[in-house]
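Note sheet for the following structure.
Bear in mind these aren't lab numbers, they're just calculated from the coordinates by the rules spelled out. It should be emphasised that the depicted structure is a prediction, and the values quoted were computed from it without experimental measurement. Backbone-built Cβ (ideal geometry, glycine too); neighbour counts: all protein chains shown.
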């Protein structure tokens, strides 16, 4: 292998180990995993365990391994004693009269049960603490960097304020569960920030949110002044009611409706976020054709990519469970190849860009942004 080829391969491996941009969420998750592994008495295999967890999850393996070195030789005995005492207290109600000298003489094998129980408690606890501190620390550092770019800082602050206003709308007159769901969803799911970043200079215009759920994306666009009007529909009347209550005073309307029925609206922008895979393959094709044919400027689709390896398998399991429990009211889960979806949009006169949209989650969500090649001068027809 040439030097150039070796460097390219090494750079590729390094990028794979780093997993992508180090956002506060990814930094926190990486440190949490490293600490959780590092405090376990599995010395000698910490590095392998870090790789086994971080690489598939696209976390930052070098940072996780650095955190795992919390169990350096001078600290490891104290960690073991802490786990031993925790385990003994849980199992017996009192601590053990152990000392460092006892551990050196007899080894940890004498107290394997206590160590196992103590580690099971101590490991996730230290992971949560370290991950939380890392998240807020990196968020503060990220904000400090953004302040040095006034435009970027203004945009971030404006988005945060809009997200807060949306969450408060779901806290007033709606269920407490809906409020907490929307707040956590907007904070953790990258689709909200990505959608705001996609807005043209004049905004999205009239927006159709097909399969809108609780309506938080449409409410966000209106709160952020990126849409002139939002129409949303969903087949779950409870979610439609939540969306309607949250959107009071905004230029929005929500109704109960099916994706498989004709589209009456003629929006400038259409959203299909996390909904198509609940339809059959034929229904997905027909629905996407109808929505694209009815939309003047842009169609934004977020869908499960069935060809992302372990991510796709993880997503199928999660969707199957939530659908079976009726948390999501899908009839089935049938993600189609992304190429099939882009083919429909291209046939309807759009140029399509596809990019990952899973953030710090282990799922296989991708974002399809379809922009019409040339604006139509006449109203589209069904």
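Annotations
- In the range 143-261, the ratio of gyration radius to Kirkwood radius, Rg to Rh, stands at 0.99 when only Cα atoms are counted.
- Once the Cα-Cα distance is subtracted from the 0.36 nm per residue extended length, the residue 52 to residue 132 segment shows a gain of 26.5 nm.
- Reduced Cα scattering model of the range 195-306, Debye log10 I(q)/I(0), q = 0.21 Å⁻¹: -1.15
- For the chain, the longest principal axis of the alpha carbon atoms and the long axis of helix 281-294 meet at an angle near 60°.
- Note: relative contact order over the chain, using C-alpha pairs below 8 Å and six or more positions apart, is 12 percent.
- Across the range 3-144 the C-alpha pair distances fall into 5 Å bins from zero in the proportions 2, 10, 16, 18, 16, 13, 10, 7, 5, 2, 1, 0, 0 percent.
- Over the range 156-372, volume per residue of the alpha carbon convex hull, in Å³: 109 Å³
- Here the spin labels are modelled as points 7 Å beyond Cα on the Cα-Cβ line, and at residue 317 and residue 332 they lie 2.2 nm apart.
- Length gained when the stretch residue 72-residue 353 is fully extended (0.36 nm per residue, less Cα-Cα span): 96.5 nm
- Using the Cβ-Cβ distance between residue 228 and residue 89 with R0 set to 56 Å, the FRET efficiency works out to roughly 0.35.
- Relative contact order for the range 3-144, counting Cα pairs under 8 Å that sit 6 or more residues apart, in percent: 33 percent
- Full-extension gain in nm, residue 265 to residue 120, via 0.36 nm per residue minus C-alpha separation: 46.7 nm
- Simple label model, 7 Å out from Cα along Cβ direction - residue 197 to residue 310, nm: 2.5 nm
- Take the Cβ atoms of residue 289 and residue 188, set R0 to 35 Å, and the FRET efficiency comes out at 0.60.
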